[in-house]
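The structure appears right after this line, and notes come after that.
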Amino acid sequence: MRTHIWLFLIVLGLAVVGCAPVQPAAGGEVTATRPAPTQAIPTQTPSPTETESPSVAEIPEFLIPARNHLAQSLDIPIEQIVLVRYEPRNFRDGCLEVAQPGEMCLTVITPGYRAVFDTPKGEYVYHTTESGEYFRLAALPAAIIWERSGGIAGICQRLQISLNGSYEIEDCATQTRLTQGVLPLETFPRWMNLIQQYGSFEWQVDIPPDSADMFLDRYTFSGLGEDIPDQKTQEKINEMLVELTDTLLNAPSEPGAGVDR
């Protein structure tokens, strides 16, 4: 009987010890830690490279309609059109000095702007009203740019002939336009044939060192053809340009003559 009692006490003691709270060591805490659940890291599939459209250079709001018209006409993105320069102008008529042959224009001073746009296909000039809602194409890319400078009087004349036969003559020293219009009917076919026949080349007169008073003539030819004329023909073309410039400067001007689409 005594033996059974001792066995019972031993079992009871072990049960008490097993149920006793765990005492932390001095100065420490017992913290029940639970292993953090494993989180799957999502696999990121690299997204295809996003190509942003090239930013379009800011231009005045009143030139946007003309810029958009040019992009549509040439069938090119507007990002490829660069505004080179623009300046305020008081045009002499309601056609912005870009009248079509036989068109009657209201003779009234019309404030606006002359804007030059550069494109992969050359430079284009637009005339617009102040608001930009009304505009006209004033000049196509130049096929021929001829310049004469020097001489005793120190002149500087520049003739530009566009691909469609319109022209402009300016004093290149003062950037003043002297006259503009469309080539006369008697010379128009000749120059259009040359532009169709020849490609791109440049010509400049050779001036002897002791001839400081001579004119310096030079021109850039950007035709649509493939032939390149020989030196003698290039000199002949210069003589023709000298004669043409003199004729145009002395011809009665036609206000508003120009090109339009």
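The values are calculated or read from the model by the stated rules, or taken from the named source; none is laboratory data. Computed from a predicted model, the values in this text were never measured in an experiment. When we count neighbours, we look across all protein chains shown, and the Cβ atoms used for this are built from the backbone with ideal geometry, even at glycine.
Some notes on this structure:
- Exclusive hit being farther than 20 Å from Val182 by Cα, modelled with pLDDT under 95 and exposed (fewer than 14 other Cβ atoms within 10 Å of the Cβ), set Pro111, Pro88, Pro120: Pro120
Yes/no per residue for (1) at pLDDT below 95; (2) of a type in the set (A, V, I, L, M); (3) within 28 Å of Thr174 (Cα to Cα):
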| site | (1), (2), (3) |
| --- | --- |
| Thr49 | yes, no, no |
| Pro54 | yes, no, no |
| Ile59 | yes, yes, yes |
| Ile64 | no, yes, no |
| Pro101 | yes, no, no |
| Ala143 | yes, yes, yes |
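Every residue, every condition in (1) touching a strand residue (DSSP E or B) at 6+ places or on another chain (Cβ under 6 Å); (2) assigned by TED's automatic domain parsing to the domain that holds Gln196; (3) within 22 Å of Gln204 (Cβ to Cβ), yes or no:
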site: Gln72; (1), (2), (3): no, no, no
site: Asn90; (1), (2), (3): yes, no, no
site: Gln100; (1), (2), (3): no, no, no
site: Arg114; (1), (2), (3): yes, no, no
site: Thr128; (1), (2), (3): yes, no, no
site: Gly132; (1), (2), (3): no, no, no
site: Ser166; (1), (2), (3): yes, yes, no
site: Glu170; (1), (2), (3): yes, yes, yes
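- Subset of the stretch 178-227 [charged (D, E, K, R) and modelled with pLDDT under 90]: Asp206, Asp210, Asp213, Glu226
- Where Thr128 falls short, out of the listed (1) β-branched (Val, Ile, Thr); (2) at pLDDT below 95; (3) closer than 22 Å to Val84 by Cα: (2)
- Qualifying residue in the stretch 193-203 (condition: assigned by TED's automatic domain parsing to the domain that holds Glu239, part of a strand (DSSP E or B) and touching a Leu at 6+ places or on another chain (Cβ under 9 Å)): yes
- Among residues of the stretch 138-155, those that are buried (at least 17 other Cβ atoms within 10 Å of the Cβ) and touching an Asp or Glu at 6+ places or on another chain (Cβ under 6 Å), counted: 1
- For beta carbons closer than 6 Å, sequence separation of 6+ or different chains, a first residue in the stretch 222-251 that is in the same structural domain as Leu183 (by TED's automatic domain parsing) and a second that is among the charged types (D, E, K, R) and outside any helix (DSSP H, G or I), the qualifying pairs are Asn238/Asp217.
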